[in-house]
Amino acid sequence: MRHATWVAGTAAAVLTLAVPVAYSAGVTMPSFARTVLPNGAVLVVMPRTDVPLIAFTALVRGGGVADPVGKPGVASLTAGLLEKGAGARDAFAFADAVEGAGGSFSAAAGTEAITVAGQFLAKDQGLMVELLADALLRPRFDAAEFDSLRKRQIEELKAAKDSDPSGLIRLYGRRFLFGDHPYGSPASGSERSLAAITREDVLAYNRANFGADRLTLIFAGDVDADALTKAVTRAFSGLARAATPLPALTSPPRVTGRRVLLIDQPGAAQTHFWLANTGVARKFADRAPLDLVNTLYGGRFTSILNTELRIKSGLSYGAVSGFTRGSVPGEFAIRSFTQTDTTGKAIDLALATLAALHRDGVTEDALGSARNYVLGQFPQQLETASHWVGALAELELYGLDRSYIDGYTAAIEGVTPAAAKRVISEAFPAAGDLVIVVIGDAAKIRDAVAKYGPLSETTLAAPDFRARPQ
């Protein structure tokens, strides 16, 4: 079996493991200041003098969930164009200003926010604020740059399908699981939706969603805090409130029973599969036992899932599980791949491991192993200014307080088998309640996957991520 990569192109979405990659043993948040500016924008500043760098993240709440109905990808194009010229600088001059200072500057749209992030030398604090303000307040949205970016994103999706579609299976899966809920709409857009988006759609999105009440600006590093606060206040003072309210999100329901989506990739030598149901939200109270149980089940190389599918049976080169947790519950998903002729065996085995998790739970010894793994794995993840702006952005976006970080070690250390049993029952779906999404040679695997439940189909060549009407 050839090795398969998990990520294909910028359109791919990486599965978020339940283990919180930013929180670790012995970590306490450094001091930071949080200020609400007169216009409602939020400014967070965390001074750190270990290296002469400043990292930043700007959040504009909304992201893909604020895309116009039927046009996923508008937020993604809007974000991409923030790097392509702003203020007095065209795309080349903007990039030259960043690179000339040895800095970095990027923007992307996620499900619930557009994020602008980067890093500059401390001596270039003024330039950093200037570029960030230009991008957020005075983007050019040049017509030629819009056309170029839209074409490139469409070609990246096509290229991912041609080379290795495994990175796209989550987009098909979320559409199949969540349907018309905003979580089912791909923030990246699809070939079909991107082709229909116009520059006017981007301008309208910008007018409707970019406002002081949606904006959080976060800086960490070797900052002159007083000078930075004054500069940011001055630079963003003219920003008014967003023209539209933040879209409300309702919790998507859980699936009962099984249903199957088969995505035909004629001639494929492998089958990629994604088994999922609605999970839990970011504020789920039992986060610590959730993290430990998922570590044991599918969150590390020696997990139950990977041991069965890779180490013992040799059916796959890898299998993982994880929770995507947003403001409302995202998905719990199992993901793996296998040779075409072992499709049924691999999916059966994955389902059996999930059923066994519910039946047998986890032992105290296993919890101890996972506890050591989690608390020993991530200390380095909160060492740099860039790590801290990411952590602060997470707290701000999801309305969490510092106890989410400061209390994590104690919470992990206090997890009991009873708490693990409770979280398995509450958060992990039953093996009989799943959507099953597969990409492979339909002519060879249709019978193998049809046994799991009602079957829907589409082709990898189709220009969107929806199943064909039955």
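Assorted remarks:
Conditions tested, residue by residue: (1) assigned by TED's automatic domain parsing to the domain that holds ALA117; (2) touching a helix residue (DSSP H, G or I) at 6+ places or on another chain (Cβ under 6 Å).
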residue	(1), (2)
ALA225	yes, no
ALA231	yes, yes
ALA242	no, yes
PRO245	no, no
THR250	no, no
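- Every pair of residues 6+ apart whose Cβ atoms lie under 6 Å, when the first sits in segment 140-153 and is touching a residue at least 40 places away in the same chain (Cβ under 8 Å) and in the same structural domain as SER188 (by TED's automatic domain parsing) while the second is surrounded by 13 or more Cβ atoms within 10 Å (Cβ to Cβ) and β-branched (Val, Ile, Thr): PHE141/VAL202
- Any helices (runs of 4 or more DSSP H) falling wholly within segment 378-470 and containing at least 2 residues that are among the hydrophobic types (A, V, I, L, M, F, W, C) and surrounded by fewer than 14 Cβ atoms within 10 Å (Cβ to Cβ): 442-450
- Condition met for ARG258 (within 28 Å of SER456 (Cβ to Cβ), among the charged types (D, E, K, R) and crowded, with 17+ Cβ neighbours inside 10 Å): yes
- Residue in segment 291-311 that is nearest to GLN339 (Cα to Cα), counting only those that are surrounded by fewer than 24 Cβ atoms within 10 Å (Cβ to Cβ) and among the β-branched types (Val, Ile, Thr): ILE311
- Pick from segment 13-69, criterion of a type in the set (Ser, Thr, Tyr), assigned to a loop (DSSP other than H, G, I, E, B) and within 30 Å of LEU292 (Cα to Cα), ranking: modelled with the highest pLDDT: SER31
- Given (1) within 30 Å of GLY64 (Cα to Cα); (2) among the polar types (S, T, N, Q); (3) surrounded by fewer than 22 Cβ atoms within 10 Å (Cβ to Cβ), index of the condition GLN339 fails: (1)
- All of ALA208, ALA235, ALA187 fail the test of being in contact (Cβ under 8 Å) with a residue 12 or more places away in the chain and not in a helix (DSSP H, G or I), apart from ALA187.
- Where THR250 falls short, out of the listed (1) within 24 Å of LEU434 (Cα to Cα); (2) at pLDDT below 95: (2)
- Inclusion of ALA117 among residues that are assigned by TED's automatic domain parsing to the domain that holds LEU194 and without any contact (Cβ under 8 Å) to a residue 60 or more places away in the chain is not warranted.
The values are calculated or read from the model by the stated rules, or taken from the named source; none is laboratory data. Since we're looking at a predicted model, the values are computed, not measured. In this analysis, Cβ positions are derived from the backbone assuming ideal geometry, glycine residues included, and neighbour counts consider all displayed protein chains.
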